[in-house]
Amino acid sequence: MEKSGAEGEDGSIAVPISARTVARQERAIEERDRTRSQILEAARGIIRDQGVLELSVVAVTEVTELTRTTIYRYFDGPNEMVFALSDETMQRIYARIDALDPTDRRYLDTYSKVTVEEFCSDSVVNRQAILLASTQRFHGELASLNPEVIILENLRTRQASGLLEVDDVELAARAVVTYFRGALYGWAAGFYTD
């Protein structure tokens, strides 16, 4: 056993943990991640083949051969699965946007292209998941990610660099995001094609 007499931030003495325990904890985390991914992949398949209204815990158990208890350990029900699918798409988008240079004159074009590419990567599922998730909730870790703030920061950077001339940069950011959301929801509702 490894021993550690180091104090934690709260002044407590760290409990010794063996390498075996650490390895077991890591395997448990990997197994949880695999099971969660398996459930979400089954949910994707059901939505893609039958539509979001056919997504149920029973349908996921039939595809995965996991028990209902196991499914409920990860998700409260089909809505939570849809929210998770929507969140995964948004996380991929924001990860790609974070890598962009906000001073690049083509930033907004690239922002839009990245978003469209991610939404169209599995459009049958994404249309339904985004539309359902956006009409039923906005919570969790993505609630703190506001596209208007991202666009506003970019417009301010562009304005400071002399690349943008507007009287009200906040209004401009709101207009860009409002237009973008309208296009997104129109696409999700089927008014636009991929």
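The values are calculated or read from the model by the stated rules, or taken from the named source; none is laboratory data. Predicted model only: the values in this text are computed from it and were never measured. Because the Cβ atoms are built from the backbone with ideal geometry, glycine has one as well, and the counts that use them run over all protein chains shown. Accessible surface areas use protein heavy atoms only, side chains included; no ligands, DNA or RNA. Shrake-Rupley method; radii C 1.70, N 1.55, O 1.52, S 1.80 Å.
Taking the C-alpha atoms only, the angle from helix 78-98 to the longest principal axis of the chain is near 60 degrees.
Shown is the FRET efficiency for GLU170 and ALA19, computed with R0 = 45 Å from the Cβ-Cβ distance and rounded to the nearest 0.05: 0.25.
Per residue, the chain exposes 63 Å² of accessible surface when a 1.4 Å probe is rolled over the protein heavy atoms with every protein chain present.
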